[in-house]
Amino acid sequence: MRILFFLASLGIVAAENGLDGWLRYASLSCTGQCRSKLPANIVVLNATETSPIYIAGSELQIGLKSIYGSHAEITWGKCKASSSVVVGTVEQYRETCGSLSGIPELEEDGFWLSTQGDKVRILGSNDRGALYGAFEYLSMLAQGNFSAVAYASNPSAPIRWVNQWDNMDGSIERGYGGPSIFFKDGAIVEDLSRVKQYGRLLASVRINAVVINNVNANATLLTPENLKGLGRIADVFRPYGVKIGISLNFASPETLGGLDTYDPLDTSVIDWWSSVTEQLYQNVPDMAGYLVKADSEGEPGPAVYNRTLSQGANLFAKALQPYGGIVMFRAFVYNQLNESNWDADRAKAAVDFFKPLDGEFEENVVVQIKFGPIDFQVREPTSPLFANLFNTSSAIELEVTQEYLGQQSHLVYLPPLWKTVLDFDLRVDHKPSLVRDIITGKRFNRKLGGSAAVVNVGTNTTWLGSHLSMSNLYGYGRLAWNAADDPEAILQDWIRLTFGLDPTVLKTLTQLSMESWPAYENYSGNLGIQTLTDILYTHYGPNPQSQDGNGWGQWTRADSTSIGMDRTVSNGTGYSGQYPDEIAAIYEDISTTPDDLLLWFHHVNYTHRLHSGKTIIQHFYDAHYSGAESAQSFLTQWESLKGKVDEERYNHIRHRLDYQTGHSIVWRDAINNFYHNLSGIPDTSKRVGHHPWRIEAENMNLDGYKVYTVSPFETASGSIAIVTASNDTVGTATTKVDFPSGTYDLAVNYYDLYGGKSHWELYLNNHQIGEWAGNSEDVLSHTPSIYLDGHSAMRIKFRGVMVQKGDVLKIVGKPDGVEPAPLDYVAFLPQGVVD
Ligand code: GCU
């Protein structure tokens with residue numbers, strides 16, 4: 001029996017598939033002094049199985065056993081003086097264990113943690129707080145931290161929510177970690193074990209609610225059968241202190257209820273929503289509330305009936321008031337615009353729509369504001385709406401899911417990006433007005449407020465599609481609790497919990513994670529150009545021209561001489577005037593606008609000089625080269641950890657970082673080629689358009705292959721690739737190698753399309769160097785493409801190949817499905833060269 005238990009507990013740690021996230025409780029050695037600090041008893045002051053305190057007790061027991069092999073006995077509801085960890089609420093402690101002094105007044109969900117050797121007290125202001133405290137103590141134990149502490153920790157805001165954009169059919173909008181853990185085929189899944197594990201992870205970072213369905217909501221969530229299913233989900237989350245909320249479709253009274261209107265002021269509509277709300281609370285008595293996307297991107301809303309957004313929001317707020325629920329009403333409301341109008345600006349929409357309504361929302365409405373005025377781009381200025389609502393509660397909306405930032409196939413550690421907004425001082429009325437103090441309600445004296453992040457975990461065992469992207473979920477929770485925390489310190493806790501205490505692992509992963517957002521910004525879109533991803537298709541790879549020439553309002557206004565949006569009051573859209581005076585003045589003036597937001601606020605010539613002294617165009621070229629170079633170093637940094645990280649995760653992560661090195665080059669070349677072609681201005685360092693180590697596939701001798709002009713042109717080297725002559729012709733491309741004899745890394749750039757798994761073989765003098773399959777749609781996380789473009793373009797490398805001048809290079813491509821074994825070029829890379 002004992003042996004079995006030992007194996008089972010080892011098993012949890014040994015299967016490093018990511019399921020336990022940062023709650024692995026990996027085994028640490030503990031000798032001498034350390035043993036004396038491990039409590040022998042766990043005193044749980046609440047024996048109700050559905051209580052978070054009960055969960056706290058069992059987590060403590062599992063944690064102590066798993067980390068230090070130490071068995072602690074659980075005692076229910078009775079205090080023990082010696083060697084014990086006591087967990088409960090402050091009130092329960094006073095009732096059961098006697099008086100308590102020195103503990104400050106705790107806020108809702110706050111806790112007190114005191115550790116003195118093997119005497120530990122974890123006391124919550126409520127059950128949830130006690131569980132948070134238990135996870136805090138376990139986090140210390142799992143990091144080998146036995147220091148004596150005594151402190152209170154309180155949330156900075158009551159709303160610490162996550163949003164899931166899960167659809168009823170089980171797909172997830174902008175999800176990269178597999179299908180939904182909640183829904184399948186229009187109903188709620190039977191097996192909710194992943195929901196339970198999600199609740200555990202969320203509770204450990206103090207998230208207190210999950211909105212479980214897509215903001216582009218489907219009314220069928222409200223059928224009687226699904227309401228019961230919601231009740232089951234809520235029951236599973238409840239012991240973790242996590243409530244559920246749901247997204248609503250504004251038109252439900254008509255589409256589901258059979259009414260002939262969904263006018264928010266119509267009594268039949270009001271009655272319909274009250275009845276739905278009542279039924280919801282019958283199934284989920286502690287439901288957190290509603291999330292509403294209305295009049296946005298084709299979603300129905302009050303505008304259809306000439307009603308205001310506040311009238312729309314208040315409809316739900318009033319329905320929720322008897323139950324204490326909250327409406328999170330999204331500020332992401334904008335209309336299609338005409339680019340030929342110089343004044344048109346989507347960035348202005350939120351303030352234009354919401355500022356006039358300030359004060360007209362019910363007290364239980366919270367306006368949920370994306371961090372920037374457009375849409376989760378790699379760099380945006382802080383949304384000015386935060387500085388324009390004084391009588392309305394607000395929350396910040398972030399994206400843990402990396403929709404525009406590499407979709408989990410690229411490593412991008414996001415908290416440093418979020419901090420640029422959370423720490424931004426909007427100087428309302430010339431007084432300190434940090435965004436983090438506005439959303440907590442502190443600055444404008446609002447009771448409600450906080451954060452929401454779109455997370456989109458799926459059934460993949462890594463949750464998000466990649467192990468390293470879990471640092472973003474962890475970081476989000478930590479910042480939602482305390483936005484003043486330091487992203488690097490948060491990261492380091494996550495690293496120790498996820499990968500153990502090896503100082504080299506800590507140092508290396510810290511470095512590459514902290515470099516990852518700047519690198520991504522550099523090789524994708526910089527100087528505040530917002531995004532250069534393909535906004536009309538997958539939001540993933542490069543396609544700069546997709547920004548312009550359409551009504552989406554994410555324009556770059558790039559032409560052959562100039563680029564950027566003029567958002568000044570004096571000559572542009574007037575957006576800068578939406579900020580309080582001190583901030584508006586900074587952005588209005590090109591000389592005080594920071595370089596990294598220059599193109600957000602100003603339209604300038606490519607030859608305009610930045611504060612750095614570089615021209616815009618040269619900055620583009622240089623940044624793309626340096627960003628891609630950093631990405632190359634991520635792989636080498638990671639490889640230096642071989643043997644220090646379990647093989648399962650080592651290989652999984654290595655594969656992604658290897659992909660990122662290649663895709664960063666796709667990005668670099670596409671953006672540089674695009675602007676080089678548009679501006680006609682050469683790169684002073686002569687890199688752009690010069691690829692001395694490449695052999696273009698179209699220049700090889702082709703048999704069964706034909707040339708193919710790629711669109712967008714900049715996503716192929718020389719604009720041209722090759723594809724097999726038909727979907728069942730095997731293609732061969734051969735050429736003589738004209739480079740000096742030596743050792744090279746061979747990089748092959750090809751396209752991996754959705755809808756086929758081609759197979760390629762690479763030979764030198766008929767000796768096979770390597771082979772690979774176009775199966776990235778199964779092994780990477782981003783949205784695949786059915787075209788040859790910047791999403792499907794990728795690179796594979798074969799290292800350390802001995803090459804003689806005059807060798808014959810041959811690639812054989814076997815098409816599959818719709819994928820015609822496409823090839824772009826082969827690069828022969830001498831040591832240290834990235835071409
Ligand atoms: C982005 C995203 C959509 C999403 C929308 C939203 O535009 O691409 O998928 O529906 O934001 O936040 O509502």
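Observations, loosely collected:
- Cα convex hull volume per residue for region 229-379 (Å³): 140
- FRET efficiency, 1/(1 + (r/R0)^6) with R0 25 Å, evaluated for D595 and K442 via beta carbons: 0.20
- Each Lys and Arg contributes +1 and each Asp and Glu -1, all at the Cβ; summed about the Cα centre of region 694-829, the dipole is approximately 380 debye.
- Computed across the chain, the Kirkwood hydrodynamic radius from all distinct Cα-Cα pairs reaches 28.6 Å.
- Counting every alpha-carbon pair across region 394-479, the share separated by more than 23 Å comes to 31%.
- Listed by chain and number, the lysines placed with their C-alpha closer than 21 angstrom to that of K757 are K706, K797, K810, K814; residues fewer than eight positions away on the same chain are left out.
- Dipole magnitude for region 33-153: computed about the Cα centre from +1 point charges on Lys and Arg Cβ and -1 point charges on Asp and Glu Cβ, it is near 580 debye.
- Taken over the C-alpha atoms, region 433-499 has Rg and Dmax values of 14.3, 42 angstrom.
- Taking 0.692 mPa s as the viscosity and 37 °C as the temperature, the Stokes-Einstein diffusion coefficient of region 159-486 based on its alpha-carbon Kirkwood radius rounds to 165 µm²/s.
- Rounded to 5, the percent of DSSP beta bridges in region 159-486 classed as antiparallel: 10
- Region 277-307 and region 46-61 have Cα centres spaced 34 Å apart.
- Here region 752-835 has an Rg and Dmax of 14.0, 40 Å, counting Cα atoms alone.
- DSSP loop GluC sites (Glu not before Pro) with at most 11 other Cβ within 10 Å excluded, longest remaining stretch of the chain: 191-835
- Cα-Cα over 31 Å, subset of K119/K447; K65/K243; K65/K228: K119/K447; K65/K228
- Surface per residue (accessible, 1.4 Å probe) for the chain, Å²: 35
- Size-normalised alpha-carbon gyration radius of region 688-816, reference 2.2 N^0.38 Å: 1.03
- Spherically averaged projected area of region 33-153 from its Cα convex hull (nm²): 6.4
- Look at the dipole of the chain built from charges on Cβ: of H791, N145, S466, the Cα furthest out on the positive end belongs to N145.
- In sequence order, calculated HN-Hα J values of region 154-169 (Karplus, 6.51, -1.76, 1.60; Hz; x Gly/Pro): 10, x, 7, 8, x, 9, 10, 10, 10, 10, 10, 9, 7, 9, 4, 7
- Inter-label distance, E278 to E173: 3.1 nm, where each label sits 7 Å from its Cα along the C-beta direction.
- Toward the positive end of the charge dipole of region 159-486, with +1 on the Cβ of Lys and Arg and -1 on the Cβ of Asp and Glu, the farthest Cα among L417, A349, S204 is that of S204.
- Heavy-atom accessible surface of the chain: percent carbon and sulfur, 1.4 Å: 51
- Antiparallel content of DSSP bridges confined to region 33-153, in %, to 5: 45
- Counting 0.36 nm for each residue step from D425 to A15 and taking away their Cα separation leaves a gain of 143.1 nm.
- Size of region 157-212 from its Cα atoms: along the principal axes, largest to smallest, the extents are 36, 22, 18 Å.
- Antiparallel bridge percentage (DSSP; both residues within the chain; nearest 5): 60
- Value of relative contact order over the chain, rounded to a whole percent, pairs C-alpha under 8 Å and six or more apart: 9
- Net dipole in debye of region 159-486 [+1 Lys, Arg Cβ; -1 Asp, Glu Cβ; about Cα centre; nearest 20]: 1260
- In the context of the full protein assembly, D425 retains an accessible surface of approximately 40 Å², using a probe radius of 1.4 Å and ignoring ligands and nucleic acids.
- Only helices enter this figure: runs of n ≥ 4 DSSP H residues, each worth -39500 (n - 2.57), summed and divided by the residues of the chain, yield -9500 deg cm²/dmol at 222 nm to the nearest 500.
- In region 404-547, Rg over Rh equals 1.00, where Rg is the alpha-carbon radius of gyration and Rh the Kirkwood radius from pairwise Cα distances.
- Calculated FRET efficiency for the pair K736/A40, C-beta based, R₀ 56 Å, to 0.05: 0.15
The values are calculated or read from the model by the stated rules, or taken from the named source; none is laboratory data. This one's a predicted model, so the numbers in the text were calculated from it and none came from an experiment. No Cβ is skipped: glycine too gets one built from the backbone with ideal geometry, and neighbour counts run over all protein chains shown. These area figures cover heavy atoms from the full protein model, side chains too; ligands, DNA and RNA do not enter into them. Shrake-Rupley method; radii C 1.70, N 1.55, O 1.52, S 1.80 Å.
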